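What follows draws every value from the coordinates through simple rules; no lab data is involved. Everything numeric in this text was worked out from a predicted model, so none of it was measured. In this analysis, Cβ positions are derived from the backbone assuming ideal geometry, glycine residues included, and neighbour counts consider all displayed protein chains.
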């Protein structure tokens, strides 16, 4: 390697996808994705067993009344966060904070709607294996959304404090990557619980 | 844009005594005293902590084994009660497999990787400290139960339904279940750190085909951990839910699926077998050629077979479940996959044999351990190959044959390489050699003791002795074999004791070692022994796979440059390079020592204790405090190049 290459000017510190934190988050997403993979494996393991007690899920496929709009809300929150990411690249800090804030609020709305759905269920976590699976898997996902909401609010705070601009935005992108993952994995959970029982 | 965002790094000619070196030492050193001890992020200190802690667990697990070997020395002894026996063999397995086997390898990799890569630290130094503390606290958590006589008692694979509350009412399994979820955090973040370090922290010029061969082992194991660990964490979490909140995942009377436990456990635990051997094989691939005075035969095939073993390793878990009544088609598939995995393993074995064969071996203690490993690996491999066949497995499963196999694998492929690695790298870590004369004794006593202790288990297994029985009736034909096994295990323990004696003596009186006492080829041997806190005064520029042997190998005209290189002295800094060609693409600001990792580990400990005792106050307090320490940890810092300049806002 020539000295000319070594002497080239280099960016310093946390910069775009070259920041170590970005790389770390990619693998956090991998391991979290695997976790949901194993959670859904457990669901399907029960679903395909011929000896399961009663109909699976008991009482027929769960209603879409709350879950479908809630899915749309979560997807919209990803749109808001993407918009925030676009804004900081254009150095637009006001809209950065707004995008993160909207993302966090939609995340909270998602959690509230999920809680309403929980409250409507006729069974509990200890009623039968389906109940255990339903509350555990959606509970895992809600915990991830809650972590994401805290992350978005923290990023909004830091953005408001003027920590970021069109060069220093690695934190925003790292947090956003996690948030998009949490939203994407919901689609897998939603498909598993609400769509697959309707396919048979 | 001001220069805080971008700069052309200085290039200079420097050595370990220059003014720059002193300035770097000041920048990188850890404060002495308790504060420094709790806050250090130096990969060398953390690496040695890992090694020492894992060795302590090895000794504890070993003593547990010796105690129950006394019970098994003769038929119908009542030295131990069945309950005590269950806890001893369970804790022995848990300790060796989870608290020793991977952590010891992480210790070596932690210590060595930045030195092998020509870097000043791991990519994520604070995460590194965090992974150590979590490992330590999770280990203590699991042992807390054992200390009060309520340790895990269902074996390391902890099958349901026996692990469920109705059959196992004490807190024994809860210690194990929550402890494993806790430990999984350490394993996962440690793995992520190795992966990012491998892809981002290599010295300029160390393209992907020039990385030291041992790093392939740890990289492969780390990628596997990222995908495999969630499986076991989930399995244990669901078990804990079943035991504490009346869920029905495993409990068959309410429609639960006991086999789900086995699937989730082995989907993790079979890859784990490769996780705890591939990095050790890597250390042999690195060290053995040095004592054969030639490069490893077949670098590329060995690296590729490492990766291939791991990929296949994800598709063989059902061979632990051949006797559970799964469909024949499934058994055939997993049996075939388990047999095929012998191919990449054989590639590595032939590469090591060819290296010895075509080299000029120097019979040091390290060489003996590495060569001994090759022999034991073949034995352990053959017995594994045998049980990969379904009918053979039906005969041998849950007998001592399997116990023999797994000890040939774990001791042969983990402990022997680790001890060899210690003889090889101790001079780098401590600046002194381990004693070679005592080393020979150390090797031969361990080698003979091991084979004496474990080889007869093959036979007792073939004669039908089931594993995990706390005693056996006389005239089953197992008496003599068990006595030999017990004697062998004590002899093996004496061998391990000789190692400890050697370390204790050599730390004070060992022969002084220079920077490169073995005349080895990789970058860690450029630094003084022990290396300074900053590792390299200037970042070397690498031109080949064997930077220190270029003049004699004459593979090309290019030469690695270690005396002149990137200076990077504006605080703690390192160059980040691209994953394939290792061309510089960023100046990374490296974090200084920090209490955040220690604090977060304490919060996690509080969290798991809270969950264990069902104290929701403690759980929520720990969560809140943990969240605060994460936010504090990640708070953007100007000195780390994480914030915009106020002028630009």
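Quick one: grab the alpha carbon gyration tensor of the stretch B:494-602, order the square roots of its eigenvalues as a ≥ b ≥ c, and give me rounded if a/c is under 1.5, else prolate or oblate depending on whether a/b is larger than b/c. Taking the square roots of the gyration eigenvalues as a ≥ b ≥ c, the stretch B:494-602 is oblate. Computed from the Cα positions only, the extents of the stretch B:596-642 along the three principal axes stand at 43, 15, 8 Å, in decreasing order. Ranked by how many other Cβ atoms sit within 10 Å of their own Cβ, fewest first, the residues B:157, A:27, A:193 fall in the order B:157, A:193, A:27.
Beyond 30 Å, what share of the Cα-Cα pairs of the stretch B:36-509 remains, rounded to the nearest whole percent? When all Cα pairs of the stretch B:36-509 are counted, 45 percent exceed 30 Å. Panel order for A:154, A:200, by other beta carbons found within 10 Å of each beta carbon, from fewest to most: A:200, A:154. Between 0 and 90 degrees, rounded to the nearest ten: what's the tilt of helix B:436-462 against the longest Cα principal axis of chain B? Rounded to the nearest ten degrees, it is 30.
Note on the stretch A:1-56 and the stretch B:1-47: Cα centroid distance 31 Å, given to the nearest whole angstrom. On C-alpha positions alone, give me the angle between the axis of helix B:616-634 and the longest principal axis of chain B, in degrees, nearest 10. Here the helix axis deviates by roughly 30 degrees. Per residue of the protein assembly as shown, the DSSP helices (runs of n ≥ 4 H) give a summed -39500 (n - 2.57) that works out to -21500 deg cm²/dmol at 222 nm. Across the stretch B:24-84, Cα-Cα distances exceeding 20 Å account for 54% of all pairs. The fraction of Cα-Cα pairs per 5 angstrom bin, counted from 0 for the stretch B:237-387, comes to 2, 9, 15, 17, 14, 11, 9, 8, 6, 4, 3, 2, 1, 0 percent, rounded to whole percents. A Förster radius of 30 Å combined with the Cβ-Cβ distance from residue B:324 to residue A:68 puts the calculated FRET efficiency at roughly 0.15.
Shown here is the pair-distance distribution of the protein assembly as shown: with all Cα-Cα distances grouped in 10 Å bins from zero up to the longest one, the shares run 2, 12, 22, 25, 20, 13, 5, 1, 0 percent.
Principal-axis analysis of the Cα atoms of chain B puts helix B:125-147 at an angle of about 20° to the longest axis. Working from label points 7 Å from Cα in the Cα-to-Cβ sense, the residue B:556 to residue A:16 distance is 2.8 nm. Measuring nothing but how far apart in sequence close Cα pairs (under 8 Å, 6+ apart) lie, relative to its length, chain A scores a relative contact order of 33 percent.
For the stretch B:422-453 versus the stretch A:72-132, the spacing of their alpha-carbon centroids is 57 Å. For B:16, B:79, the sequence from fewest to most other C-beta atoms within 10 Å is B:79, B:16. A quarter of the convex hull surface defined by the alpha-carbon atoms of the stretch A:10-198 gives 11.1 nm² as the mean projection.
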